[in-house]
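Taken together, the values in this text are just the output of simple stated rules run on the coordinates, not laboratory data. These numbers were taken from a predicted model, which means no experiment stands behind them. Cβ placement follows ideal geometry from the backbone for every residue including glycine, while neighbour counts extend to all protein chains displayed.
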Amino acid sequence: MKMKLGISSCLVLAATIAKVSGACFSTNLGYPCCSNTKVVVYVDNDGLWGVENNQWCGIEEQTTSGQWTGQNQGYPACSHCNVSYVDGDGEWGVQNGDWCGLKKTCSNKTNVVSQPVQQQTQQQQTQQQQPQQQTTTTTASDSKYPANPPPVSGGAVGKTTRYWDCCVASCSWKENTNAEHPVNVCEKDGKTVYPSFDWTIGNVCDGGKNGYMCNDNQPWAINDNLAYGFVAASLSGQGSQKDWCCSCQRLEFTSGPVKGKQMVVQVTNTGGDLGENHFDLQMPGGGLGIFDGCSPQWGNASAWGERYGGLKSASGCSALPKELQEGCNWRFDWFQNADNPSVTFERVQCPKELTDITGCVPRDDSSQKQLPW
């Protein structure tokens, strides 16, 4: 397991704590700020505490961007909401023997207790003892997301395919959308967003350019029957590409193993190869399609599977960049490796969870149908 803090580590109350002045909350209590560590070993009403040189120190809470804890550090998102550990970056769980970050949409979380610790040498044997006090982090058990979303009523009929080509999406060009801000474009690392994208940066799939799809344009599960994500689309009866770009659609799958499940997706891309009412679901390892921006971005072209269709099994996800493995595993987990299921769909107002990622909000979004949750 990749270690943030050893899960099996024993925690011992420090007997002596030096008092040193500093510049965070702990200095008002007579303790220094942590200068290096971000490992939280104790939580109380004052804040987050760490230990450096066998002395207590205060950790300043940080706000980490992204849709889950540790996203920008390369950790995958948890498919559950069970808190195993809390530190300055956020809330963490354990999945498949490794750390994963809890999504911001999690609401049904188990309690987590952080206890004091004294650092010891590798030669010393640690010994568990009861902490003098405990602080429990909890969240409300009620979720705004329905376990069984109400069906799409009176929607249009459509079809789906899947892809992930790492290219700049068409809705990232301001000329292609009516939104005030087009879809974000990232640098080669897939996470550093260009503050102002234009033709001088260009699309990697146009050859020798420096713009890429952002890693966080992956799907994720909200619960067993609801997921959020992004698509390329061609729509009938909803205007032109400028109107489609950045719009959000509620899809209800009507065939295959995901029949009855739903996704709320934002349109980030369009394409001349798409048919009428066609949604090309973005999922890493779903197939490159016409263009290949993934080889220049990540190398190892053979890891991406068949050009159309992508990987054959979940085992192939481990060969993809770790930043994209969560979205790849989603396909074989929540999506149950469904093969191009049909849908009924309707346009809806965009959830903030999606627009926070893309940076794109349609100008007419407020006039659209609200989600029923």
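Given Cα pairs under 8 Å that are at least 6 residues apart, what percent is the relative contact order of the range 156-367?
Working: 493 pairs, mean separation 66.9, N = 212.
Relative contact order of the range 156-367: 32 percent.
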**Study point:** Relative intensity, log₁₀ I(q)/I(0), of the range 185-311 from a Debye sum that treats every alpha carbon as a point, q = 0.09, 0.15, 0.19 Å⁻¹
**Key:** -0.29, -0.82, -1.27
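For the range 223-373, report the convex hull volume of the alpha-carbon atoms normalised per residue, in Å³, without decimals. Walk me through the intermediate numbers first.
Numbers: hull volume 18.3 nm³, N = 151.
Spread over its residues, the Cα hull of the range 223-373 gives 121 Å³ apiece.
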Check your understanding: Rounded to the nearest 5, what is the percent of antiparallel bridges among the DSSP beta bridges in the range 156-367?
Key -> 65
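Ranked highest first by average number of other Cβ atoms within 10 Å, how do 215-224, 77-86, 31-40 line up?
On the way: 215-224: 21.8, 77-86: 20.1, 31-40: 17.7.
The most tightly packed comes first, giving 215-224, 77-86, 31-40.
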Review point. Tell me which aspartates and glutamates have Cα within less than 16 Å of Lys369's Cα, excluding those fewer than 8 residues away on the same chain?
Key: Asp243, Glu252, Glu346
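Only bridges with both residues in the range 223-280 count here: give the DSSP antiparallel percent, nearest 5. Numbers along the way, then the final one.
Values: 9 of 16 bridges.
Counting DSSP beta bridges with both partners in the range 223-280, the antiparallel share is about 55 percent.
At 20 °C and a viscosity of 1.002 mPa s, what translational diffusion coefficient does Stokes-Einstein give for the range 290-336, taking Rh as the Kirkwood radius over Cα pairs? Give it in µm²/s as a whole number. Write out the running numbers ahead of the final one.
On the way: Rh = 11.1 Å.
Once the numbers are plugged in, D ends up at 194 µm²/s.
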Review point. So which of Lys259/Lys312; Lys209/Lys261; Lys159/Lys242 end up more than 27 Å apart, counting from Cα to Cα?
Key: Lys209/Lys261
Review point. What is the set of long-range amide H partners of Phe279 at a cut-off below 5 Å, with H atoms built 1.01 Å from backbone N?
Key: Lys159, Thr160, Thr161
